[in-house]
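Just so you know, all these numbers are worked out from the coordinates, no wet-lab data involved. Model, not experiment: these values are computed from the prediction. Backbone-built Cβ (ideal geometry, glycine too); neighbour counts: all protein chains shown.
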There are 2 protein chains.
Amino acid sequence: MRTYPTPPLDEVELHRILFALSDPTRLAMVTELNVTGELSVGEQLAGEVPKSTLSHHNKILRESGLTACRPEGTRCYISLRKDDLERRFPGLLDTLLSHSTVRHVTH
Amino acid sequence: MRTYPTPPLDEVELHRILFALSDPTRLAMVTELNVTGELSVGEQLAGEVPKSTLSHHNKILRESGLTACRPEGTRCYISLRKDDLERRFPGLLDTLLSHSTVRHVTH
């Protein structure tokens, strides 16, 4: 079974979080997950971004520590690690997302 | 005379700010400027990073909207656009820098 490793909380680094959010599509994906909660890849950004592009961005988001993936059958359900991030960097995610005006981006 | 253009406030974009801060050396430069105020390139990071490297990073920081340069003779004095950034993204810079543990980075 395919696994989707995430970094442990004490290895989540600020500059990697900022890099993950420095791309408008990834910022839109995180903004969306913050509102909707868990989503499968096919549901992200209204299915308007190619799955291969989403998979690439999901990998960067997950490896930065921002998101986690819950496998179910052949699907992967993605969610923000809100509680973990709040413990590691209190207030950071809320502040960043309060300034995100990205709603919809297609590549 | 060489000029150092900065983007007007309403063109400063969140994802470019985040990209500028996604590099540990640039995060250290901004953390330092936040503490010291204006610095010449030669004074940044205790002179331990090559000037060409600093110039490259200073360009990215300036073009993102984070910093400004005040030319004086052959020197360029760099400062954070704190007031501008606070108007554009209230609370963002303080929150980001409160989580920056970068103190000293050499490349």
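Within the stretch B:41-54, the set of residues being over 20 Å from B:LEU97 (Cβ atoms) and surrounded by 13 or more Cβ atoms within 10 Å (Cβ to Cβ) comprises B:VAL41, B:THR53. When the stretch B:5-24 is filtered for residues that are more than 7 Å from chain A (Cβ to nearest Cβ), buried (at least 19 other Cβ atoms within 10 Å of the Cβ) and in a helix (DSSP H, G or I), the ones remaining, listed by number, are B:ILE17, B:ALA20.
The number of residues in the stretch A:52-91 being in contact with a helix residue (DSSP H, G or I) (Cβ under 6 Å, 6 or more places away or on another chain) and in a helix (DSSP H, G or I) comes to 8. Scanning the stretch B:56-74 for residues that are without any contact (Cβ under 8 Å) to a residue 40 or more places away in the chain, surrounded by fewer than 13 Cβ atoms within 10 Å (Cβ to Cβ) and closer than 18 Å to B:GLY37 by Cα yields B:ARG70, B:GLU72. Screening B:ILE78, B:ILE60 for residues that are within 14 Å of another protein chain (Cβ to nearest Cβ) and more than 12 Å from B:ALA28 (Cα to Cα) leaves exactly one candidate, B:ILE60.
If I filter the stretch B:82-90 for residues that are within 14 Å of chain A (Cβ to nearest Cβ), touching a Lys or Arg at 6+ places or on another chain (Cβ under 7 Å) and closer than 21 Å to A:LEU92 by Cα, do I get at least one hit? Within the stretch B:82-90, not a single residue is within 14 Å of chain A (Cβ to nearest Cβ), touching a Lys or Arg at 6+ places or on another chain (Cβ under 7 Å) and closer than 21 Å to A:LEU92 by Cα.
Scan the stretch B:29-42 and give yes if some residue there is within 20 Å of A:ARG16 (Cα to Cα), in contact (Cβ under 8 Å) with a residue 24 or more places away in the chain and within 12 Å of another protein chain (Cβ to nearest Cβ), otherwise no. Yes - at least one qualifying residue is present in the stretch B:29-42.
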